[in-house]
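See structure below.
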Amino acid sequence: MTQITFKQGWRQLISGLADLRLAIILLLSIALFSISGTIIEQGQSVSFYQNNYPEDPAILGFLSWKVILTLGLDHVYTTWWFVTLLVVFGSSLTACSFTRQLPTLKSARRWQYYKRPSQFEKLALSTELSYLTLDQLIPELKQHRYKIFQEGNQLYARKGIMGRIGPIVVHISMLIILVGAIWGAFTGFMAQEMVATGETFQVKNIFEAGKLSKAQIPQDWQVRVNDFWIDYTQEGEIDQFYSDLSVVDLKGNELKQETIHVNQPLRYDGVTFYQTDWGIAAVTVQINNSPIFRLPMAKLNQEGEGNLWGTWVPIKPDLSQGVSLLTRDLKGTLLVYDTAGKLTGVVRPGMGIEVEGITLKVQKLIGSTGLQIKADPGIPIVYTGFGLLMVGVVMSYVSHSQIWALKVDNSLYLGGKTNRAQVGFEQEFLAILTALEKQQPQLVTSSSEKG
């Protein structure tokens with residue numbers, strides 16, 4: 001009794017998972033939460049969400065930083081509930097494949113001959129031809145690429161079985177995509193680095209990482225920024241910015257070198273480096289005949305009114321006085337302000353300027369490159385799934401057409417059906433009839449079409 005109850009419960013579970021309505025609800029839920037993960041910034045600090053999603057007033061009346069952190073909307077794709085949605089959706093696809101698609105394919109592969117003329121009356125297209133044989137029909141069917149099975153006076157022909165396999169391929173491809181997405185969410189990571197020209201760094205500033213991503217984070221190699229520069233248009237706007245990067249081992253030996261720019265990343269050992277931002281890291285200056293020294297430049301808050309970097313240059317040994325340097329880009333023009341905060345003039349790299357009784361010479365502006373670093377081992381799996389999905393969709397559009405024939409006395413009964421492209425199948429069926437009638441032009445052919 002217990003075994004029967006278990007089997008009934010199992011069948012009910014499989015039947016529920018295979019329900020199309022459940023699959024649609026799951027798919028819409030996955031799409032909705034995926035959109036939320038695109039809109040809400042992922043992997044940021046608590047202070048970021050507190051500043052951008054306050055409790056009063058909450059966005060849309062309910063979306064505050066507490067709601068985001070409680071529901072895990074700051075890392076949607078690795079939350080237990082989102083992964084559960086993917087697993088249940090995958091289970092639904094699997095159940096549907098085994099309970100519906102595979103039986104449909106088996107049914108299409110299982111065929112039987114029509115042994116009675118009355119059976120042809122149930123077909124969408126049927127006809128009766130006089131004084132024609134199966135031997136005359138077979139060449140016409142072969143010309144239309146039908147696979148033919150014959151036993152005595154009975155004949156069955158089909159083509160387009162691929163159309164029945166297509167939906168199964170679509171389901172398999174979607175399962176592969178789900179596996180790739182889950183694998184990537186748990187084993188991938190994303191990081192950001194702002195690195196000055198000439199510096200070498202290891203990936204450290206990780207803001208989003210899966211629970212199994214440790215193996216993907218580089219440990220035995222690092223990246224050196226050889227150079228960074230910007231190309232400007234004739235109007236002075238930024239055209240493109242470039243970073244010359246080298247992958248080096250821990251001893252400094254170069255493993256790979258490449259110049260990257262937007263949409264042209266560096267890829268190495270499963271990790272991709274994208275050019276996303278830039279800045280000004282430092283400036284080298286000289287006061288009178290002093291040694292050349294390097295000063296860091298900080299980005300100033302302009303409240304959305306463009307970029308501005310600045311630094312303070314001490315002009316007294318005790319650091320009691322200094323002048324300020326400001327610049328907006330790497331073109332090389334710097335504004336010089338005296339100790340009172342008044343604009344003294346402008347200076348360019350390689351030039352000097354008199355200020356507060358000293359000669360201030362700017363040697364060089366040092367740029368910094370902003371890199372987004374990403375590793376996602378699930379991408380090859382996802383791409384494979386999408387490729388298979390496209391193949392499956394194309395296969396699904398192939399019509400599965402079937403034709404039966406029966407020779408009884410002087411009559412040849414002929415009929416057929418298809419699962420799609422009904423008009424095309426009717427034209428093909430009529431073309432076969434026309435070709436057969438031409439073989440016996442003196443005979444009168446009676447035919448009937450239904451549906």
**OP:** Counting only residues that are in contact (Cβ under 8 Å) with a residue 12 or more places away in the chain and among the aromatic types (F, W, Y), give me the helices (runs of 4 or more DSSP H) lying completely in the stretch 38-107 with at least 2 of them.
**Re:** 80-96
Subject >> Within the stretch 29-46, considering residues that are touching a helix residue (DSSP H, G or I) at 6+ places or on another chain (Cβ under 9 Å) and over 24 Å from F89 (Cα atoms), the one surrounded by the fewest Cβ atoms within 10 Å (Cβ to Cβ) >> reply: V46
Original post:
So which residues in the stretch 141-164 are surrounded by fewer than 18 Cβ atoms within 10 Å (Cβ to Cβ) and either at pLDDT below 90 or over 16 Å from W111 (Cβ atoms) (or both), if there are any at all?
Top reply: K142, Q143, H144, R145, N153, I161, M162
Original post:
Out of (1) part of a helix (DSSP H, G or I); (2) of a type in the set (V, I, T); (3) in contact with a Phe, Trp or Tyr (Cβ under 9 Å, 6 or more places away or on another chain), the odd one out for V179 is which?
Top reply: (3)
**OP:** Give the residue that is nearest to the chain's Cα centre (by Cα), with candidates limited to residues of the stretch 202-233 that are buried (at least 16 other Cβ atoms within 10 Å of the Cβ) and not in a strand (DSSP E or B).
**Re:** G210
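Yes/no matrix, rows are residues, columns are (1) at pLDDT 90 or above; (2) outside the structural domain of P265 (by TED's automatic domain parsing); (3) buried (at least 18 other Cβ atoms within 10 Å of the Cβ):
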residue: L360; (1), (2), (3): yes, no, yes
residue: L388; (1), (2), (3): yes, yes, yes
residue: L412; (1), (2), (3): yes, yes, yes
residue: F425; (1), (2), (3): yes, yes, yes
residue: K438; (1), (2), (3): no, yes, no
Original post:
K407: modelled with pLDDT under 95, part of a strand (DSSP E or B) and more than 30 Å from Q219 (Cβ to Cβ), yes or no?
Top reply: yes
**OP:** Quickly run through the stretch 116-153 and pick out the residues that are within 14 Å of L406 (Cα to Cα) and either in a helix (DSSP H, G or I) or touching a Cys at 6+ places or on another chain (Cβ under 9 Å) (or both).
**Re:** P117, S118, Q119, F120, E121, L134, D135, Q136, L137, I138
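This table checks each residue for (1) under 21 Å from L365 (Cα atoms); (2) among the acidic types (D, E); (3) part of a strand (DSSP E or B).
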{"residue": "E235", "(1), (2), (3)": "no, yes, no"}
{"residue": "D239", "(1), (2), (3)": "yes, yes, yes"}
{"residue": "K251", "(1), (2), (3)": "no, no, no"}
{"residue": "R267", "(1), (2), (3)": "no, no, yes"}
{"residue": "Y274", "(1), (2), (3)": "no, no, yes"}
{"residue": "A281", "(1), (2), (3)": "yes, no, yes"}
{"residue": "Q286", "(1), (2), (3)": "yes, no, yes"}
{"residue": "E303", "(1), (2), (3)": "no, yes, no"}
**OP:** Return yes or no: is T5 in a helix (DSSP H, G or I), of a type in the set (S, T, N, Q) and over 25 Å from V179 (Cβ atoms)?
**Re:** yes
**OP:** Might you check whether a residue that is out of contact with any Ser or Thr (no Cβ under 7 Å at 6 or more places or on another chain), exposed (fewer than 13 other Cβ atoms within 10 Å of the Cβ), under 30 Å from F186 (Cβ atoms) and in the same structural domain as L360 (by TED's automatic domain parsing) occurs anywhere in the stretch 275-296?
**Re:** no
Original post:
Is there a residue in the stretch 6-25 that is β-branched (V, I, T) and either in contact with a Leu (Cβ under 6 Å, 6 or more places away or on another chain) or farther than 23 Å from S173 by Cα (or both)?
Top reply: no
Original post:
Does Y383 satisfy the criteria of being at pLDDT 90 or above, in a helix (DSSP H, G or I) and not assigned by TED's automatic domain parsing to the domain that holds N307?
Top reply: yes
**OP:** Please verify whether the stretch 184-201 includes one or more residues that are modelled with pLDDT of 90 or more, within 18 Å of the chain's Cα centre (by Cα) and at positive phi.
**Re:** no
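The values are calculated or read from the model by the stated rules, or taken from the named source; none is laboratory data. All of these numbers come straight from a predicted model, not from anything done at the bench. Note: ideal-geometry Cβ built from the backbone for every residue, glycine included; neighbour counts use all protein chains shown.
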